[in-house]
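The values are calculated or read from the model by the stated rules, or taken from the named source; none is laboratory data. What you see is a predicted model, and the numbers here were worked out from it, not measured in a lab. We place every Cβ from the backbone using ideal geometry, glycine too, and count neighbours over all the protein chains shown. For the accessible areas, the whole protein counts, side chains as well, though only heavy atoms, and no ligand, DNA or RNA atoms are used. Shrake-Rupley method; radii C 1.70, N 1.55, O 1.52, S 1.80 Å.
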Amino acid sequence: MALPSINPTKTKSWEKLQSHYKLLQNRSLQSLFVENPNRVNAFHLQWEDFLLDYSKNKITEETFQLLLELAEETDLKKAIQMQFQGEKINETEGRAVLHTALRTTENIIPEIAAVKNKIKTFSESIISGEKKGFTNLPFTDIVNIGIGGSDLGPAMAVEALQFYKNHLNVHFVSNIDGDHVAEILKKLNPETTLFVVVSKTFTTQETLSNAETIKKWFLQFGNQEAIAQHFVAVSTNIEKTTEFGIHETNIFPMWDWVGGRFSLWSAVGLSLVLSIGYSNFEQLLLGAQKMDSHFQTAKFHENLPVILALISVWHNNFFGAETEAIIPYSQYLQKLVPYLQQAVMESNGKSVDRNGNPVDYQTGTIIWGEPGSNSQHAFFQLLHQGTKLIPVDFIGFKQSLHGELLHHQKLMSNFFAQTEALLMGISEEAIRNQATSSNEKVIPYKVFEGNKPSNTLLIDQLTPESLGKLLALYEHKIFVQGIIWNIYSYDQWGVELGKKLATTILDEIKSNTVSSHDSSTSFLIQQFLDTNTR
Ligand code: F6P
């Protein structure tokens, strides 16, 4: 069964939203708060330990209603069912999209339980020191070798769940830049390091090159047999993995129905499991599973991923907002945005609809951001006084992990203050009335228009479970938007051309002959060759 294919711009709700937008576009957000000072009551949702306040967006009850109609008209309900039932909704690759099956407690796919058991036993033997390296020393360091979804998820989660981690040091090698692997190797003792090669396809240039370089380095110290003790892999491609020299018993399988950018929940999360232990990993899965069932069962008007997706469509397709900032007020979440950039932009950066036709409306948003409060001292100036409309998601926690109360009070007061400043701004009159008088000439520069939209996600505490919920929340938001925009969210053909061209150029560089490119590219390659062959 194919996903429904409905051009969103041809729906009745879209037409109504367009007229509604015309009425609302020049109204200020502040005036909506004046009109209904309690609008937060209508536009917030408490679900378990997650509180979403979406009242600071230019929406009214009518807007929300029309957006919900859009979700109905684009057949979102059916699409959700199809995804969870394992229909091949990734049609351009002929695959199901079932990363959600990895976190369910139901035994839908028996192989999942077998791989989970293998991860549990293996990780426990490494963490406890029972499994040892080739000189009989326990492991101290883990190196995850992978890129894209085989790197960003585990790297983000190891960082995010640092508070829960054990004694093992976890490193990540991803870039084809040889300086990256060289810097990591500098820190390692081959006798006590375990290498986890993660590649769904086991054909990715970066990962294979880094793994080869590391293997070569390792063989200066250990012999071929030691490889079996120090190298494991996560892949769907058993043949290529064994060809590389990793013993079949050291392979943790994954499946083609798990997309790379949604694979943290599979054996791709092995380095995370090694870092925080299996029971914490199970908590992460549990959190995601709870969000999955919320997404599947909650009515759209009380459904967190649906609400976030609809507000984003409202900004993207009606207000013309090109980007969305995500600002977590937690240093632990410093890698959340790069992770979400792949999830969002590789999924919804598409311009052909599900009928094979070019779209004539906007699709995937540009995602960016950095943790607060650091980012307040970097790019917030533009959010407050620049010329662009940039909706922001603020993510914060009621309680810190180390219990530094005063720090947390200061952090969160910044968090609340930013959402307020973006909404309310400050008028010329208010500046004149301030206790400290302003030089007349400077007054215009001190005015903040405000009227800038934001969502606030206030979560009890950063735990493996709440992280699982948060990640699944954004995953489902991506899905809802892809359905509404009538695109395929689970392929990534757009990354292929560059890979192919790089292969051709590498051959040219190696043979020192530049063939037919555009004049700019040929010129640049020649400049590189001139330096490197001198
Ligand atoms: O280049 C894009 C991509 O295919 C991503 O989707 C994927 O996460 C990454 O490369 C790595 O792929 P693999 O796990 O097969 O090495």
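Structure notes:
- In the set (1) more than 36 Å from the chain's Cα centre (by Cα); (2) exposed (fewer than 11 other Cβ atoms within 10 Å of the Cβ), SER515 fails one condition alone, (2).
- Criterion violated by LEU529 - all others in (1) part of a helix (DSSP H, G or I); (2) under 30 Å from GLY372 (Cβ atoms) satisfied: (2)
- Applying a threshold of 9 Å to beta carbon distances and a minimum spacing of six or more residues, or different chains, the list of pairs starting in region 490-515 at a residue that is part of a helix (DSSP H, G or I) and ending at one that is of a type in the set (Phe, Trp, Tyr) reads ILE509/PHE528.
- Here VAL337, VAL359 are screened, and the one residue that is open to solvent by less than 40 Å² (accessible area, probe 1.4 Å) and within 30 Å of PRO154 (Cα to Cα) is VAL337.
- Of everything in region 143-157 that is surrounded by 23 or more Cβ atoms within 10 Å (Cβ to Cβ) and more than 12 Å from the ligand (Cβ to nearest atom), the residue that is nearest to LYS187 (Cα to Cα) is VAL143.
- Residue within region 193-208 that is assigned by TED's automatic domain parsing to the domain that holds HIS167, surrounded by fewer than 17 Cβ atoms within 10 Å (Cβ to Cβ), away from the ligand (no atom under 11 Å from the Cβ) and assigned to a helix (DSSP H, G or I) present: no
- Counting only residues that are of a type outside the set (D, E, K, R) and outside any helix (DSSP H, G or I), region 393-430 holds 12 of them.
- Inside region 270-280, residues that are buried (at least 24 other Cβ atoms within 10 Å of the Cβ) and either among the basic types (Lys, Arg) or within 13 Å of LYS118 (Cα to Cα) (or both) make up a count of 3.
- The set of residues from region 246-273 being outside any loop (DSSP other than H, G, I, E, B) and of a type in the set (S, T, N, Q) comprises THR249, ASN250, SER271.
Listed here are the residues, each with its yes/no results for (1) in contact (Cβ under 8 Å) with a residue 40 or more places away in the chain; (2) on the phi > 0 side of the Ramachandran plot; (3) not basic (Lys, Arg).
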residue	(1), (2), (3)
PRO8	yes, no, yes
HIS20	yes, no, yes
LEU23	no, no, yes
ARG27	no, no, no
GLN30	yes, no, yes
GLN46	no, no, yes
THR63	yes, no, yes
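- Residues that are outside the structural domain of TYR164 (by TED's automatic domain parsing), closer than 30 Å to VAL173 by Cβ, open to solvent by less than 10 Å² (accessible area, probe 1.4 Å) and part of a helix (DSSP H, G or I) do occur in region 287-303, at least one of them.
- Residue in region 400-414 that is in contact with a strand residue (DSSP E or B) (Cβ under 7 Å, 6 or more places away or on another chain), among the basic types (Lys, Arg), away from the ligand (no atom under 16 Å from the Cβ) and within 25 Å of LEU51 (Cα to Cα) present: no
- Residues that are open to solvent by 60 Å² or more (accessible area, probe 1.4 Å) and under 22 Å from LEU32 (Cα atoms), drawn from region 385-424: GLN385, THR387, LYS388, PHE416, GLU420, MET424
- Residue match in region 362-374 (condition: more than 30 Å from GLN492 (Cβ to Cβ) and in a helix (DSSP H, G or I)): yes
- For first residues located in region 131-151 and more than 18 Å from THR121 (Cα to Cα), partners that are aromatic (Phe, Trp, Tyr) and outside any strand (DSSP E or B) and lie 6+ apart or on another chain with Cβ distances below 8 Å form the pairs GLY149/PHE262.
- The set of residues in region 464-509 that are within 16 Å of the ligand (Cβ to nearest atom), of a type in the set (Asp, Glu) and over 25 Å from LEU70 (Cβ atoms) contains only GLU496.
- Number of the condition not met by GLU420 [criteria: (1) touching a residue at least 60 places away in the same chain (Cβ under 8 Å); (2) within 30 Å of HIS402 (Cα to Cα)]: (1)
- Test: residue in region 438-447 that is closer than 23 Å to THR323 by Cα and in contact with a strand residue (DSSP E or B) (Cβ under 9 Å, 6 or more places away or on another chain): no
- Every listed requirement among (1) open to solvent by 40 Å² or more (accessible area, probe 1.4 Å); (2) within 29 Å of PHE416 (Cα to Cα); (3) polar (S, T, N, Q) is met by GLN85 save one, (2).
- Selection of region 92-107 for residues being open to solvent by 70 Å² or more (accessible area, probe 1.4 Å) and in contact (Cβ under 8 Å) with a residue 24 or more places away in the chain yields only THR105.
- Some residue of region 235-245 being in contact (Cβ under 8 Å) with a residue 40 or more places away in the chain, part of a loop (DSSP other than H, G, I, E, B), open to solvent by 10 Å² or more (accessible area, probe 1.4 Å) and within 16 Å of the ligand (Cβ to nearest atom): no
- 1 or more residues farther than 28 Å from PHE394 by Cα: qualifying helices (runs of 4 or more DSSP H) within region 16-132: 61-73, 76-84, 110-127
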